[in-house]
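To start, the structure itself, in structure tokens.
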Amino acid sequence: MVVTIQRKVNRSPAVAAGISRAVSKPNPFGVRYGAIPAGADKVDDVLAGSKAQRRTAVLAARRTVAEEVRRAEALRLCDHLDTVLGPADIVCAYLPVGAEPGSPALVDRCLQRCGRVLLPITRTGADGAPEALWWGEYRPGALREGRFGLLEPAEPGLPPGTIGQATVILVPALAVDRSGIRLGRGGGYYDRSLPLRAPGARLIAVVRDDELVAELPGEPHDVRMTHALTPGNGLVVLGEPAAGRRE
């Protein structure tokens, strides 16, 4: 199935509804939306307990965001890309799904700002375990429904090492801390892919403002983000000695 994504930000109701149906399918990692603990009114209040509990809490918090707020934040993220990307950049991006920050317009803005945008293609091994992401050139109007109902470039894809060509990698995240530790959805695809990056590539976690937090627990295999991109703060440099400094 080929799915067309319109390049305009202001879409007709019919087109918008079609995209909404395409990107609002159940997430592929089995994370169920849970209830936000009583008295919690921001992400810092719920980021406790196991990683699974943290994921459930953030996903639930995102579900409470009003649609008009989500749309406004998506537009601001797009606008920030004008200062993040340049014509010489090669970008590994992704299509936001469900309540993730951003919209399909985020990928279109990447393509407007630079000449080459790659989108991930998910594959699993014979044992069903996730593999490092394959990649495909983003061609507007030429996406197909891949595994888990995600929209992907058509096969054949480019091998996982292609991520090493990217100067900027936009990484989906549920939260990221000031040192660059990222809380993902737990699928393991980016854990396997990011070690293949070029040494100087910028790794940018795209999150809501309150999902940039002071501290998250890390693990030895974690690849730290170099930046966060949020609607209100734009591009934020992560890690010592520049923690919290805006570019």
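List of remarks:
- HN-Hα J in Hz across segment 150-158 - Karplus 6.51, -1.76, 1.60, θ = phi - 60°, x for Gly and Pro: 6, 8, 9, x, 5, 5, x, x, 9
- Longest to shortest principal axis, alpha-carbon extents of segment 98-247, angstrom: 42, 37, 30
- Taking the DSSP beta bridges with both ends in segment 78-141, the antiparallel portion is around 60 percent.
- Ordering 90-96, 207-213, 220-226 by mean Cβ neighbour count within 10 Å, with the highest value first, yields 90-96, 207-213, 220-226.
- Computed E for R147/L196 - FRET, C-beta separation, R0 30 angstrom, nearest 0.05: 0.90
- Modelled FRET efficiency - R0 30 Å, A129 with N233, Cβ distances, 0.05 increments: 0.25
- Relative packing of peptides 97-106, 62-71 - highest average C-beta neighbours within 10 Å first: 97-106, 62-71
- Theoretical gain in end-to-end length, A214 to A88 [0.36 nm per residue, Cα-Cα removed]: 42.1 nm
Here, each number is a calculation from the coordinates, and none is a lab measurement. What you see is a predicted model, and the numbers here were worked out from it, not measured in a lab. Cβ atoms come from the backbone with ideal geometry, glycine included; neighbour counts cover every protein chain shown.
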